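J.: Provided herewith is a single structure, encoded as C-alpha cells, for subsequent inquiry.
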Amino acid sequence: MADLDDSSNEEAAVDQKPAGYGKRFWRRISAGERAKVQRILGLDPVDAIKSTMSTLEDSLNEEAAVDQKPAGYGKRALGAIIDFLIVAVIYGVPTVVFFIGLVSAGNASDKGEPATTAANMMMILGGVGGLAALVWAIWLFGYRQGVTSTTPGKRAAGTRLTRIGTGEAPGGGIGVGRILVPWLISSATAGVYVIIDYLWPLWDDHKQRVSDKLFKTQVVLDDRPATPAQFNPIG
C-alpha cells in the first residue's frame, strides 16, 4: 500500500510545473516595489487607464464627426459670396481713396506742378487703410474663423468650419494657414488654383475644397442652437 502511495505522489509531482525564478522573485518583493517596477517599464496601471480612456474618447469623437452632415455646394457658395462682398466693401473704400489721390497727383505732374498735400495725404491714407483691411481680413476670415468655426457668410448660410476627426473648431493657426496658403498658391499659379479650389466640392464625396483636404477641415451644416453672437455682422 505504501508503494502505491509513493507511486501516485511521484506521478503528481511529474505533472506539476516548477515555478520559474522570475515568478518566484516577483511574488517575494513588496507591492510598493512591484509598483516601482511597473512604472519603470511603462506598465503603470493609472497610465494604462488614462490611455484607455483617451482612446475611447478619440473613438467617440470620430463617430460624432462622422454624424455631421457636410454642407452642400449651394450653401457654401452663398456663404462665400457674402464674405466676398464684405471684403470688397472693406477693401473698396481705401482703394478708391488711394486712386483718387494718385490721379490728382498724376494730373498735377502732367501740368508740371508738384502734387498737392491733399493728393499725397489721400494716397497715404489709402495705403494705410488697405494694409489695415488686409490685417482685418486675415483676422476675421482666418484666425477668428478658426477659433469660432464661422464667418458672417457662414452664419448667414447656416454652416461652420470643423476639423476632421473632432467636429470642433480647427483653431486659429489652422484658420490663418487655410486663408494664406491658398492665396500664395493662387498667386504662384496666376489664379488657376483658386478656381479649382472653389469648384472641387462639386464632385468631392465629402464636399471639401482642396484647401480643406490640406488642413483636414470640413464645412458642415451648423445645427447648434442660435446665440446672439451668431448675429454679430463683423465677428
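The values are calculated or read from the model by the stated rules, or taken from the named source; none is laboratory data. None of the values given here were measured: they were computed from a predicted structure. No Cβ is skipped: glycine too gets one built from the backbone with ideal geometry, and neighbour counts run over all protein chains shown.
J.: For segment 158-168, name all the residues that are modelled with pLDDT of 95 or more and of a type in the set (A, V, I, L, M).
T.: Leu161, the sole residue that qualifies.
J.: Tell me which of these Ala157 doesn't satisfy, since it passes every other one: (1) touching a Phe, Trp or Tyr at 6+ places or on another chain (Cβ under 8 Å); (2) more than 15 Å from Arg209 (Cα to Cα).
T.: Just one mismatch for Ala157, condition (1).
J.: Oh, and also: Here is a list: Asp204, Asp197. Which entry is assigned to a loop (DSSP other than H, G, I, E, B) and either modelled with pLDDT of 90 or more or surrounded by fewer than 17 Cβ atoms within 10 Å (Cβ to Cβ) (or both)?
T.: Result of the check over Asp204, Asp197: Asp204.
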